[in-house]
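Notes follow once the structure below has been shown.
The values are calculated or read from the model by the stated rules, or taken from the named source; none is laboratory data. Not measured: the values here are computed from a predicted model. Cβ atoms come from the backbone with ideal geometry, glycine included; neighbour counts cover every protein chain shown. Protein only, heavy atoms only, side chains kept; ligands, DNA and RNA dropped before computing areas. Shrake-Rupley method; radii C 1.70, N 1.55, O 1.52, S 1.80 Å.
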Amino acid sequence: MSDASLKHPVWWREAPPAYPELHGELDADVVIVGGGITGVTLAYTLAEQSATVVMLEADRIASAASGRNAGFLLAAPAEPYSEAIAMWNRDGARAMVTTGRRAHQRVKELVGALELECDYRLTGSLRLCRTEEEAEDQRASLPELNADGFRMLETQVHGNVPVESEGHFKAAFLMPEDGEFHPVKFLHGVAVGAAGLGARLFEHSSVKYGQWRAGLWHVHTAHGVVRARTVVIATNAYAPKLVPALSRLIAPRRGQLLCTAPIDRTIAARPTYAHWGYQSWRQLPDSRLVIGGWRDVALDTEVGFEQNPTEQIQSAIESGLRDLVPEGAAIEHRWAGTMGFARDGRPLVGWLDPEHHVAISAGYTGHGMGMAPACTLDLAALINWKPAPGIATFDPARFNELRDAREGTVLLGAAVG
Ligand SMILES: Cc1cc2nc3c(=O)[nH]c(=O)nc-3n(C[C@H](O)[C@H](O)[C@H](O)COP(=O)(O)OP(=O)(O)OC[C@H]3O[C@@H](n4cnc5c(N)ncnc54)[C@H](O)[C@@H]3O)c2cc1C
């Protein structure tokens, strides 16, 4: 990997706004732990509703997966829809794509309302199949997906990939509703909007522990404490570190990407998934190609919290890059990020413990940019004790472990005191 001149995501080329570290004591209606897309969109939504909000981020806003992803806004999960139905039944599968659609709508709404310059584009997305078997599975899913109101249509490989790459793919499918954005510009724009509505955002303010005392949470960082009625865990892969009962439900999984120098021809007109969703790429407005995935090459080792790219996966991504750009392209960025994979592939959104007002939105299994903005809309309703049917199938209480653990969840974090 000697040609990597930069070891961080392409999204970090510009310095983002900075937020202070928490010092002292604060009171709020809601304290949000985590400053990724979940924490930031929830802070904005609650502030819009006039709640007093404090958001505590351990590092920088968008320093974890939310600043390390590919910026795809996809409604449907990577799996063919028939597989999604087999895993989650029809209602469960429909809830996933409906959430994806609503999240995209929420992104569009925020981009408009806050006048965000974040390269948001309604491009549609492309799924390419490398084998006939995969193509047949996608084809078999079309009637069910279309019957549930989501358009996906088979198109030609020719015209959708560079001519010299056509031989690598057997079939192509178009999802016209999908889109893409610059994840970090989006997140920082929403954060500025949230702060403008009165939300108090802090960086370098890792939550060490929380205690429920006399009807209030006392959430402690190294130099401060926030007292609040409600705590929301917005730490995705890191959630089990504060709530150990989640350790068998949300697992850290690594994802890797690289980004080339600008390429002076069209490689991909829209976000593209291939090989059952394990491979993905998109071309940025400045014509750089972001390409990555290939986790299936080393599923056993692409786990844990280490956010460094590895030789094995980066080489595999480079071989995929050669399929698309046989003449080669300079590689300018390589990076990795940690995703939170839920045990059943669906996020956990809702109350962890309604009695002690602990809620969560996490475990997006690699699709949080395209899901969290809708999940946090619904979670904001739920913590205001309003109905939130959109997240009913994501209720953490579907796991027995949590039903048992929620009795007496009065501590967050292992090291109390
Ligand atoms: C390589 C890669 C590509 C991806 N591509 C896509 C894509 O194209 N489309 C898509 O939809 N999804 C994609 N994803 C997944 C997506 O990025 C995640 O699902 C999403 O960012 C999760 O957002 P989050 O805010 O819940 O979590 P995160 O972004 O992980 O944020 C959690 C935050 O919590 C903070 N934190 C942790 N512990 C504490 C603590 N004790 N106190 C305070 N703060 C704490 C962390 O520092 C972190 O900033 C990709 C992920 C990766 C890694």
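For the reader, a short list of remarks on this structure follows.
- Residue that is buried (at least 21 other Cβ atoms within 10 Å of the Cβ), polar (S, T, N, Q) and out of contact with any Pro (no Cβ under 7 Å at 6 or more places or on another chain), where the choices are SER205, SER125, SER141: SER205
- Any hit, the range 89-104, residues being over 29 Å from ILE317 (Cβ atoms), open to solvent by 20 Å² or more (accessible area, probe 1.4 Å) and assigned to a loop (DSSP other than H, G, I, E, B): no
- Test: residue in the range 400-414 that is within 14 Å of the ligand (Cβ to nearest atom) and either modelled with pLDDT of 95 or more or over 20 Å from GLY36 (Cβ atoms) (or both): yes
- Condition met for VAL226 (in contact (Cβ under 8 Å) with a residue 12 or more places away in the chain, open to solvent by less than 30 Å² (accessible area, probe 1.4 Å) and either touching a Gly at 6+ places or on another chain (Cβ under 8 Å) or charged (D, E, K, R) (or both)): no
- The single condition among (1) under 27 Å from PRO20 (Cβ atoms); (2) surrounded by fewer than 18 Cβ atoms within 10 Å (Cβ to Cβ); (3) more than 10 Å from the ligand (Cβ to nearest atom) that PRO262 does not meet is (1).
- Qualifying residue in the range 380-388 (condition: within 23 Å of the chain's Cα centre (by Cα), within 16 Å of the ligand (Cβ to nearest atom) and part of a helix (DSSP H, G or I)): yes
- Residue match in the range 105-112 (condition: open to solvent by less than 10 Å² (accessible area, probe 1.4 Å), over 19 Å from PRO176 (Cα atoms) and under 24 Å from the mean Cα position of the chain (by Cα)): yes
- Condition met for LYS170 (within 14 Å of the ligand (Cβ to nearest atom) and surrounded by fewer than 19 Cβ atoms within 10 Å (Cβ to Cβ)): no
- Some residue of the range 126-144 being more than 30 Å from ALA195 (Cβ to Cβ) and within 15 Å of the ligand (Cβ to nearest atom): yes
- Candidate set: the range 235-255, residues that are hydrophobic (A, V, I, L, M, F, W, C) and open to solvent by 10 Å² or more (accessible area, probe 1.4 Å); chosen: the one modelled with the highest pLDDT: ALA251
- Residue check, THR45 open to solvent by less than 30 Å² (accessible area, probe 1.4 Å), in a helix (DSSP H, G or I) and within 11 Å of the ligand (Cβ to nearest atom): no
- Positions within the range 285-295 being more than 12 Å from ARG253 (Cβ to Cβ) and open to solvent by 20 Å² or more (accessible area, probe 1.4 Å), in sequence order: PRO285, ASP286, SER287, ARG288
- Of the set (1) within 25 Å of ALA84 (Cβ to Cβ); (2) open to solvent by 20 Å² or more (accessible area, probe 1.4 Å), all apply to THR301 but (1).
- Residues (surrounded by fewer than 24 Cβ atoms within 10 Å (Cβ to Cβ) and either within 23 Å of GLY71 (Cα to Cα) or within 14 Å of the ligand (Cβ to nearest atom) (or both)) located in the range 323-334: ASP323, LEU324, VAL325, ALA329, ALA330, ILE331, GLU332, HIS333
- One residue alone among VAL107, VAL111, VAL97 is β-branched (Val, Ile, Thr), free of Cβ contacts under 8 Å to residues at least 60 places away in the same chain and under 30 Å from MET152 (Cα atoms), and that residue is VAL97.
Per-residue answers, yes or no, for (1) under 23 Å from VAL358 (Cα atoms); (2) within 15 Å of the ligand (Cβ to nearest atom); (3) in contact with a Ser or Thr (Cβ under 6 Å, 6 or more places away or on another chain); (4) free of Cβ contacts under 8 Å to residues at least 40 places away in the same chain:
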{"position": "TRP11", "(1), (2), (3), (4)": "no, yes, no, no"}
{"position": "GLU21", "(1), (2), (3), (4)": "no, yes, yes, no"}
{"position": "GLY24", "(1), (2), (3), (4)": "yes, no, no, no"}
{"position": "VAL33", "(1), (2), (3), (4)": "yes, yes, yes, no"}
{"position": "THR38", "(1), (2), (3), (4)": "yes, yes, yes, no"}
{"position": "THR41", "(1), (2), (3), (4)": "yes, yes, yes, no"}
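- Residues in the range 77-88 that are of a type in the set (A, V, I, L, M) and either in contact with a His (Cβ under 6 Å, 6 or more places away or on another chain) or open to solvent by less than 10 Å² (accessible area, probe 1.4 Å) (or both): 1 in all.
- Restricting attention to the range 48-66 and to residues that are near the ligand (Cβ under 7 Å from one of its atoms) and not hydrophobic (A, V, I, L, M, F, W, C), the residue that is nearest to CYS375 (Cα to Cα) turns out to be SER66.
- Residues of the range 139-175 that are touching a residue at least 40 places away in the same chain (Cβ under 8 Å), part of a helix (DSSP H, G or I) and under 16 Å from LEU321 (Cα atoms): GLU164, SER165, HIS168.
- Those residues of the range 190-224 which are within 15 Å of THR52 (Cα to Cα) and more than 13 Å from the ligand (Cβ to nearest atom), in sequence order: GLY193, ALA194, ALA195, GLY196, LEU197, GLY198, ALA199, ARG200, LEU216, TRP217
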